[in-house]
1. All but one of (1) under 29 Å from Y103 (Cα atoms); (2) modelled with pLDDT of 95 or more hold for S205, so report the exception by its number.
2. Mind listing just one residue for me: the one in region 52-68 that is over 13 Å from P110 (Cα atoms), assigned to a loop (DSSP other than H, G, I, E, B) and touching a Phe, Trp or Tyr at 6+ places or on another chain (Cβ under 9 Å) and, of those, modelled with the lowest pLDDT?
3. If I ask for residues that are of a type in the set (G, A, S) and either on the phi < 0 side of the Ramachandran plot or more than 15 Å from the chain's Cα centre (by Cα) (or both), which ones from region 83-96 would you list?
4. For the structure I just gave you, tell me whether G94 is surrounded by fewer than 17 Cβ atoms within 10 Å (Cβ to Cβ), within 17 Å of F245 (Cβ to Cβ) and without any contact (Cβ under 8 Å) to a residue 40 or more places away in the chain.
5. Quickly run through region 72-90 and pick out the residues that are under 17 Å from F16 (Cβ atoms) and surrounded by 16 or more Cβ atoms within 10 Å (Cβ to Cβ).
6. If we scan region 122-129, do we find a residue that is crowded, with 20+ Cβ neighbours inside 10 Å, over 18 Å from the mean Cα position of the chain (by Cα) and closer than 21 Å to C170 by Cβ?
7. Can you name the residue in region 5-51 that is of a type in the set (A, V, I, L, M) and not in a loop (DSSP other than H, G, I, E, B) and is also surrounded by the fewest Cβ atoms within 10 Å (Cβ to Cβ) among such residues?
8. Do you know which residues across region 97-121 are closer than 13 Å to G63 by Cα and either within 16 Å of the chain's Cα centre (by Cα) or not in a strand (DSSP E or B) (or both)?
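The values are calculated or read from the model by the stated rules, or taken from the named source; none is laboratory data. Predicted model only: the values in this text are computed from it and were never measured. Every residue, glycine among them, receives a Cβ derived from its backbone with ideal geometry; neighbour counts consider all protein chains shown.
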Amino acid sequence: MFINKITRLSPNPAGFGEVPDEVSAEMFVGDLPTQHTHSYYENDQLGLYIGTWDSTAVTEAGGPYDCDEFMWVIDGDIEVKNNHTGLVEHIHAGEAFVIPKGYDCQWHQPGYVRKFYVISAHPNEAMPAQAVVESIIKPALVVTEKNTGNDTAFLPHFSLDGGPQKVAQCYRDAQARFFSGTWESEQCESAPLTFGANEFLYLQSGVLVLVDDEQVEHTFTAGEALFIPQGVTCQWRVTQTVRAFYTIIAPASIA
């Protein structure tokens, strides 16, 4: 299921929580959790999956993480343990983080968790012998440099005319197809732009208006999440300075 249009994600989609996911005992340690998934975008060829997920308290079986995943935690607390060092990293509601593919870790949540997720499964790539980073990665809350990282090669809005743009990349996978970080822009406006990659945004602050090819305006404010698939054409207007977490998934043909 993938729809090539600007998509607004909801923390509580219609019908969410009514039908639990099927879970398998070998995935967990201890009691089986109750989990729900609302998928906004699924592309098996690209291995890209975006949506809203929740779960009751759970401890997963440890092992190398089988995808690159960006998450924004809506509710709850999460602990991720490094299986080699025993180090436990903590993530709380209102935080973003990435788990890199191949990171040998164990997920534990003492209570209920709800999150937005962006999964890049790289279906044609083998599990790496070692993750790019042997830890979780949290994107910067504030961007201090004008541009760090090469994400700008894929998305035209990173170099819009008008207000200054700032980009702080926090993670790039080994194949240079999955990027995550923080983007900031002062007021600006663009001509229609066609996206060369897939992008998820979670707005920390500001107001972003996207005008699609049917001239429909989509307004996003602080605390809202959106997804723009590759190939979508839209106009950007930043009416109040925007700071956002981003995740870009580039197709192999342009990576």
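1. With respect to (1) under 29 Å from Y103 (Cα atoms); (2) modelled with pLDDT of 95 or more, S205 is out only on (1).
2. G62
3. The initial filter retains those residues of region 83-96 that are of a type in the set (G, A, S), namely 86, 93-94, 96.
Of everything in region 83-96, those that are of a type in the set (G, A, S) and either on the phi < 0 side of the Ramachandran plot or more than 15 Å from the chain's Cα centre (by Cα) (or both) turn out to be G86, A93, A96.
4. Numbers: surrounded by fewer than 17 Cβ atoms within 10 Å (Cβ to Cβ): yes; within 17 Å of F245 (Cβ to Cβ): yes; without any contact (Cβ under 8 Å) to a residue 40 or more places away in the chain: yes.
Yes; evaluated as a whole, the condition is true for this residue.
5. Initial filter on region 72-90 (under 17 Å from F16 (Cβ atoms)): 72-76.
Hits for region 72-90 are W72, V73, I74, G76.
6. So in region 122-129, the residues crowded, with 20+ Cβ neighbours inside 10 Å come out as 122.
Pick out the ones that are also over 18 Å from the mean Cα position of the chain (by Cα) and you get none.
The answer is no; no qualifying residue exists.
7. In the first step, residues of region 5-51 are kept if they are of a type in the set (A, V, I, L, M); the result is 6, 9, 14, 19, 23, 25, 27, 29, 32, 46, 48, 50.
Next, only the ones that are not in a loop (DSSP other than H, G, I, E, B) stay: 9, 25, 27, 48, 50.
Working: L9: 22, A25: 9, M27: 12, L48: 25, I50: 25.
Step by step, filter region 5-51, then rank; the result is A25.
8. I99, P100, K101, G102, Y103
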